[in-house]
Every structure is written in C-alpha cells, then in structure tokens.
Amino acid sequence: MAFTNFYGSGTISVSANGTAVTGVGTLWSTPIMPGDTLEAGGRAVRILSVTDDTHLTLAYGWPGSTLSGSAYMIVYNSPDRNSGTYVAERTRELIERQRILVGGANFYSVKQVNLNTPPVSPVADDLYVVGTSPTGAWTGYAGYLAVWLGSAWGFTAPEQGWFAYGKNADFLYVRNASAWVNWSSVTVAQVGAANGVASLDSGAKVPVAQMPAPGVRSLCLTAADFTPRTTNGAAPGLVETSSNKRMVRTLDFDASTAEYAQVCVPMPKSWNKGSFSVRLIWQPATGAIGNVLWAIRAACVDYYDGTDNLDRTWGTPVSHADPTSGVSTATCYSVMDAITPSGTPAENALLFIEVYRDAAAGADTYAADAKLVALFVHVTLNAYNDA
C-alpha cells in the first residue's frame, strides 16, 4: 500500500470568491483536516472545515476564476498533523494497515467476499473484499480489501494473483485482471444440483436427468432422394448452370396440375414421435414473378406392427405460398411447421413424406414449373442417441 502526502480523487467545483467547495467522486471525511491546503488552477487556499465526503469550506474566498468539474490536489500540511496525538494515530493506522499486507503476502482470510454494504458493527481488524456495487463508506472502492481500523475503514487496492478465502461461505477466490473469481473446489452440495456440476453414474456417464434437452435433428434430403408418384408425379429434371456448369437435379412441378413426389425415411429411435417442420428449397424455371403454393403431408407406418399397412391415409396437409425470386438461377425456400403424420409413430418407424404443388389453388399464381431442389426435415429428439 502506498501512503502519500496529498489527496486528489474526483473533481471539484467552486465559485470565484466563494468558500464552499463541492466534490464529485471524493471521500474527504477521513483523510482531510482543517488547515490542509486545496490547490487547483495555480491557486492555493487553506481549508477551514470539512463537512462530509463531498463538501468543505475554505478559510477565505477562492482567488481564482470559477471551477467546475476540475482536477485538484489537497496537500496534507495542516499544523495539526504535527501534533503528538495525530502522529500517534497515524502510526497506529499504519500498523493496522500493515496487517493487510503482512510483509507482501498475497493470501488473505476475510470475513466475506463481494460484500457491498459495510457491516453495521465491525470489530477491529475485520477484513472484507468489497463487492462490485459498494455503498456507504465503501463507495468508490469496488473490489478493494477493506479493514476496520477501529474508527474508520482502511482500503487496499487488489493486485492480480491475490487470493482471498471467504470464511462465511468457505470459498476461495483469486483476483484476475479485473475481478475476484471463485476458485474453490466443488462442494458435495453442488454435485447434481441446479447451477452446480453434473455427477457421473456407475458407467462414468452424466445421468440423463442432469443433461439439457436433446434438441432437434435435421434430416437433409435432395430431389434425387424423392420418387415421383406414378399418378400425377413431378417430372425429374437436370439443370446445368450456364457459367460454372454446376449440375443440379430437380423435381419439376407443373403450373396447372397438382403433381406429387414422395420419400420414405426410416426414423431414428431418438425421435420424439411428434410433429415436425420442413424447409423446402426450390428454384423457379423462369424469372417471372408469382407465388407457388407448396404442401406437405405425412404418414407413419410401424413395420413391427403386423396390423399396420403401407396404404394408410395421409395426415392433414400443411401448405404455404411463397413468392418466386424473380431470377431463374436463384433459389427460394418455403417453411412449413407442425406437420403431423397419420398413424401411430413408433421407434424406428417408416415416415412417408409427400410434397406437392397445389397448382390449381388460387394462391398459386406462378405460371411456370417450380423445381424442388432439397428438403430439410427438422424433428425433435427425446434421447441423446439411438442405443
């Protein structure tokens, strides 16, 4: 800890010829004494009295121009500082403060870490780590070590690498570049608890109850994965781009007649057997403007169930109209949510998905083929794997 013969924290405001000085970000009550000298703007005036941390009175009117939010320095040169009583008190204070430093040691046992409100009835030598939003006598000393000296608080700025053991919570903290960080080992109460740490079962695995929800799996399908329906099926297409000769397989859906294509997906065991959503990637055949009304429906067949069959009724279709891009080489997309398959979904069931263009509907206004490029199927999981 460095001890100086002046104080200059914060800023001051004082009127020309005025004696009242107001501080911002100042703590004048403890260190400043009547008779000390206020210096600012090349002027110096003795201090008559100190009212509180932010107000003091000068012995005579300020001789300079009005100051507002100005830097300053108060020199500890009051005659009273040479009295035997004052010297004895400062010596005692120095000895008390040295108890914090303990010859440069950087490990401290404190009553509490990250406390913001000073204790009401501290005992001499009580040591704390001040919190991030201190109040009262600790204002302005966030993160500091605070020790009760018997009549006032003493403060020490922490340095990176210091340790503080909080006796109230049995935690060890280390000071990094900007904050005190809990460095304690895990307690028994934290194992398996909310906001604690996960435990391990007999197989050295984290129990499912302590893991987050499995989330969503995306099944990625291309036009080549689909089979056009025999009745009113979409036409397979193959496009070569003009400049970079990229080959794109498509399924082309007519502008006047509803056409269909299907895919069969063996579902993973981890599927939650509920509804799903899709993102359909498609390309307009021309640069004309218009809407394409896409629709999706699904059916689920449990091949373990001898009474189930492949010819079951489709589930309720979900449709959505989306505009063309106006550029024949640019892709468009359509999103459809909450698609519920018919049947009784089961583990490892077969999910049949049918995509079609409802070309006869009034919402479909695009007068050329719509080319299916790919389909993303998003299903919710209720397990982390398919074991």
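Here are some notes:
- Accessible-area composition of the chain, carbon plus sulfur, in percent [1.4 Å probe]: 53 percent
- When the convex hull of its Cα atoms is projected in every direction, mean area for region 199-346 (nm²): 13.2 nm²
- Solvent-accessible surface of the chain, averaged per residue with a 1.4 angstrom probe and all protein chains in place: 52 square angstrom.
- Sequence of Thr250, Thr132 when ordered by accessible area, the most exposed leading, probe 1.4 angstrom: Thr132, Thr250
- Accessible area (Å², 1.4 Å probe, nearest 10) - Glu354: 0 Å²
- Cα gyration tensor category, rounded, prolate or oblate, for region 265-387 with a/c compared to 1.5: prolate
- Largest to smallest accessible area among Ile296, Ile289 [probe 1.4 Å]: Ile289, Ile296
- Calculated from the structure at hand, P(r) over Cα pairs in 20 Å bins from 0, in percent is found among (1) 22, 48, 26, 4; (2) 26, 56, 17, 1; (3) 20, 26, 15, 25, 14, 0 as (3).
- When its C-alpha radius of gyration is set against 2.2 N^0.38 Å (N residues), region 1-47 gives a value of 1.18.
- The stretch between Asp201 and Ser121, if pulled fully straight at 0.36 nm per residue, gains 24.0 nm over its current Cα-Cα span.
- Relative packing of peptides 265-275, 236-246 - highest average C-beta neighbours within 10 Å first: 265-275, 236-246
The values are calculated or read from the model by the stated rules, or taken from the named source; none is laboratory data. For clarity, every value in this text was computed on a predicted model and none was experimentally measured. We place every Cβ from the backbone using ideal geometry, glycine too, and count neighbours over all the protein chains shown. Accessible surface areas use protein heavy atoms only, side chains included; no ligands, DNA or RNA. Shrake-Rupley method; radii C 1.70, N 1.55, O 1.52, S 1.80 Å.
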